[in-house]
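A short worksheet on the structure shown next.
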Amino acid sequence: AGTNYGRVTRCSVTGGTISASGIVGGMIGNNGSYSFVEESYAVTTIEGTGTLGGLIGDNHNGQVNDCYASGYISHQYLKSALCGGLAGFSYNSLNRCYSTTRVNGSDTLSGGLVGGNSKWASSASGYFLALSDEGGPDKGIGTPLSRCQMAQQSSFKGFDFVGTDADGAEDIWFMPPGGLPILAWQRIDVAGMVSIPDVTGKPLDEAKAIIAGSGLTVRRVHYGTHPV
């Protein structure tokens, strides 16, 4: 999308090279006012000039929640580079996001998570792969992590992971053994895992249909009644 003025949820872009100038992102160029990008990711190569971001070029008064980006960004003119592993520039909130994007830009105008951040920006919460591990520069926006730290669930404070209720009950993120955090909806593709839906109180035929619809195979079913 060149510009988003709505809500982008559970979307992904993988592979390929984007060569452009202006406001360029791996998924969205400009995230407009009162717009949302949630539970989405991009893995791309971006080459160009202007404001470049691994996921979003310019988060312009929108919100980006629970997203990540990976790949490579290369700015053709380093003296005027504004590059960010996740967003080139952000005027508003980035919440529970991370980037492992390799950022090749100006040390003063580029960042592992965000290249530039408005002084009026409400927050930029997230993590990025440290420059020493071929990530991006530390602009003081977000927290740098080593590759080893990136593979540890405990490094990602505030992220709601599957398997524990201490960080929330929505189960947005999933940590594959020996891997990096992925979004829970990716599990069936990446880890071959799906969530078992709650069918408590449903009629038997409806419960079977719900379970089958989640990607599981329904075989023998045991059920019973509970005293009130």
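The values are calculated or read from the model by the stated rules, or taken from the named source; none is laboratory data. Quick caveat: nothing in here was measured; it's all calculated off a predicted structure. A quick note on method: Cβ atoms are made from the backbone with ideal geometry, for glycine too, and the neighbour counts reach across all protein chains shown. When the accessible area is computed, the model is the full protein with side chains, heavy atoms only, and any ligands, DNA or RNA have been set aside. Shrake-Rupley method; radii C 1.70, N 1.55, O 1.52, S 1.80 Å.
Summary of values
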quantity	calculated
Flag if Gly71 is under 20 Å from Gln186 (Cβ atoms), touching a strand residue (DSSP E or B) at 6+ places or on another chain (Cβ under 6 Å) and surrounded by 20 or more Cβ atoms within 10 Å (Cβ to Cβ)	yes
Residues satisfying the stated conditions in the stretch 52-69, i.e. out of contact with any Gly (no Cβ under 7 Å at 6 or more places or on another chain) and under 10 Å from Gly25 (Cβ atoms)	Asn59
Any hit, the stretch 187-197, residues being at pLDDT 70 or above, under 24 Å from Gly54 (Cα atoms) and surrounded by fewer than 11 Cβ atoms within 10 Å (Cβ to Cβ)	no
Selection status of Glu47, open to solvent by 30 Å² or more (accessible area, probe 1.4 Å) and either out of contact with any strand residue (DSSP E or B) (no Cβ under 6 Å at 6 or more places or on another chain) or farther than 22 Å from Phe156 by Cα (or both)	yes
